[in-house]
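**Student:** Below is the structure I would like to discuss, written out as structure tokens.
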Amino acid sequence: MSIASTTTAPPRASAADPLGYDMKVGADLDPSGRSATGLELVEDAIIHRLQEDRISMVGAPGDEIDFGENVRAWVGEALSNDALAAKTPRVEEVLRRDVRIADLTVRITRATGADASRWDLLVQVRATTITGQTIDRIVGVSSVTVEFLAAGR
């Protein structure tokens, strides 16, 4: 007797996808070693740019590049919503470095209600890719992690 799986396999990665083809990384390398493509790669890049400020790159001046903005470092700072709004242009700038993103809006707020039990900050990201696809996600930020919570609200 066979039991049908209720989980859906990830879409098959294609080297022809204009948004790219690479190993699936997410928060870390996928243990299965699978490949990823399209929106999945762009979403992974958004998460990585919100976690890393400078990264090592052989041949770059000082062997590092200005990659993103580590928003986890803001946790514990006495930041009002106005102060968070003032940080928004920097976050937009680092996310726009991804050539696959054609248009972008970002909104950063303190987590409230049920979200505040696990997250300190919420980053709402709405991006349109060069292929016209939309990413509308809420990113939860704690001092330890940055991860997608849900579709935009």
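The values are calculated or read from the model by the stated rules, or taken from the named source; none is laboratory data. Fair warning: this is a prediction, and the values are worked out from it, not measured in the lab. Neighbour counts run over all protein chains shown; Cβ positions are idealised from the backbone, glycine included. Note: areas computed on protein heavy atoms with side chains; ligands, DNA, RNA excluded. Shrake-Rupley method; radii C 1.70, N 1.55, O 1.52, S 1.80 Å.
**Student:** Just to be sure, is Glu69 over 16 Å from Arg126 (Cβ atoms), within 14 Å of the chain's Cα centre (by Cα) and at pLDDT 80 or above?
**Tutor:** Taking the combined requirement at face value, the residue satisfies it.
**Student:** Against the condition in contact (Cβ under 8 Å) with a residue 12 or more places away in the chain and touching a Ser or Thr at 6+ places or on another chain (Cβ under 6 Å), how does Val106 come out, does it pass?
**Tutor:** Taking the combined requirement at face value, the residue satisfies it.
**Student:** Is the range 54-74 home to any residue that is open to solvent by 80 Å² or more (accessible area, probe 1.4 Å), in a loop (DSSP other than H, G, I, E, B) and touching a residue at least 24 places away in the same chain (Cβ under 8 Å)?
**Tutor:** There is no residue in the range 54-74 that is open to solvent by 80 Å² or more (accessible area, probe 1.4 Å), in a loop (DSSP other than H, G, I, E, B) and touching a residue at least 24 places away in the same chain (Cβ under 8 Å).
**Student:** For a quick check of your reading of the model, give me the residue pairs whose first member lies in the range 78-93 and is touching a residue at least 12 places away in the same chain (Cβ under 8 Å), whose second is polar (S, T, N, Q), with beta-carbon atoms closer than 7 Å and at least 6 apart or on different chains.
**Tutor:** Asn81/Thr109; Leu84/Thr109
**Student:** Okay, next question. Quick check on my filter: what residues within the range 38-53 are among the aliphatic types (A, V, I, L, M) and either in contact with a helix residue (DSSP H, G or I) (Cβ under 8 Å, 6 or more places away or on another chain) or loosely packed, with under 11 Cβ neighbours inside 10 Å (or both)?
**Tutor:** Ile46, Leu50
**Student:** Another question about this same structure. On the given criteria, is Val123 in contact (Cβ under 8 Å) with a residue 24 or more places away in the chain, more than 13 Å from Val42 (Cβ to Cβ), part of a loop (DSSP other than H, G, I, E, B) and not hydroxyl-bearing (Ser, Thr, Tyr)?
**Tutor:** Criteria not met by Val123.
**Student:** List pairs: first residue in the range 126-145 and over 14 Å from Trp74 (Cβ atoms) and free of Cβ contacts under 8 Å to residues at least 40 places away in the same chain, second residue of a type in the set (Phe, Trp, Tyr) and surrounded by 14 or more Cβ atoms within 10 Å (Cβ to Cβ) anywhere in the structure, Cβ distance under 9 angstrom, at least six positions apart or on different chains.
**Tutor:** Hits for this filter: Ile138/Phe148.
**Student:** Identify all residues within the range 75-87 that are in a loop (DSSP other than H, G, I, E, B) and farther than 18 Å from Thr145 by Cβ; write none if there are none.
**Tutor:** Ala78, Leu79, Ser80
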